[in-house]
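The values are calculated or read from the model by the stated rules, or taken from the named source; none is laboratory data. Small disclaimer: the values here were computed from a predicted structure and weren't measured. Cβ sites come from the backbone with ideal geometry, for glycine too, and all protein chains shown count toward neighbours. Protein only, heavy atoms only, side chains kept; ligands, DNA and RNA dropped before computing areas. Shrake-Rupley method; radii C 1.70, N 1.55, O 1.52, S 1.80 Å.
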Amino acid sequence: MKVIALKDIIGTERDVKTDTWNSRRLLVKEDKMGFSVTDTIIYAGTETHIYYKHHLEAVYCIEGEGEVITLKDNKVWPIKKDELYALDQHDEHILRAKTDMRMICVFNPPLKGTEVHDENGIYPLDV
């Protein structure tokens with residue numbers, strides 16, 4: 001059994017920050033669960049290019065408002081509190097935050113825990 005408190009993640013190597021987001025990695029690969037879970041803040045007024053070439057991701061918005069634009073068809077998907085979106089086709093997309101957004105994200109395969117997006121929006125595959 002594991003019990004992980006967000007307060008114990010903040011300020012550690014699992015508290016990963018960029019100019020557009022802050023991802024607190026609650027469960028990672030070393031936890032041996034087969035998936036990872038993050039508590040992520042997307043900063044208001046930002047735009048992030050993301051392409052999870054190696055990962056599937058489900059995102060549950062628990063605070064805020066924004067939108068996802070899928071690049072294959074330029075479709076705009078409004079996202080708000082209490083909605084989940086699933087990137088089930090390794091969807092390359094833009095995430096825009098109208099307000100600060102707090103998201104609970106699940107990744108398969110799991111993240112190592114220190115990843116940031118590369119120049120193509122991709123997290124590396126940790127094998």
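Things to note:
- Residue match in the stretch 4-13 (condition: open to solvent by less than 20 Å² (accessible area, probe 1.4 Å), within 18 Å of Ile122 (Cβ to Cβ) and out of contact with any His (no Cβ under 6 Å at 6 or more places or on another chain)): no
- Checked against the criterion of being among the polar types (S, T, N, Q) and part of a strand (DSSP E or B), the stretch 99-111 has at least one qualifying residue.
- In the stretch 94-121, the qualifying residues are those that are at pLDDT below 95 and of a type in the set (A, V, I, L, M), and the one that is most open to solvent (accessible area, probe 1.4 Å) is Val116.
- Some residue of the stretch 55-76 being in a loop (DSSP other than H, G, I, E, B) and in contact (Cβ under 8 Å) with a residue 40 or more places away in the chain: yes
- Leading residue by the ranking (nearest to Ala86 (Cα to Cα)) among those in the stretch 21-70 that are open to solvent by 30 Å² or more (accessible area, probe 1.4 Å) and of a type in the set (Ser, Thr, Tyr): Tyr60
- The set of residues in the stretch 28-84 that are within 27 Å of Gly11 (Cβ to Cβ) and of a type in the set (Phe, Trp, Tyr) comprises Phe35, Tyr43, Tyr52, Tyr60.
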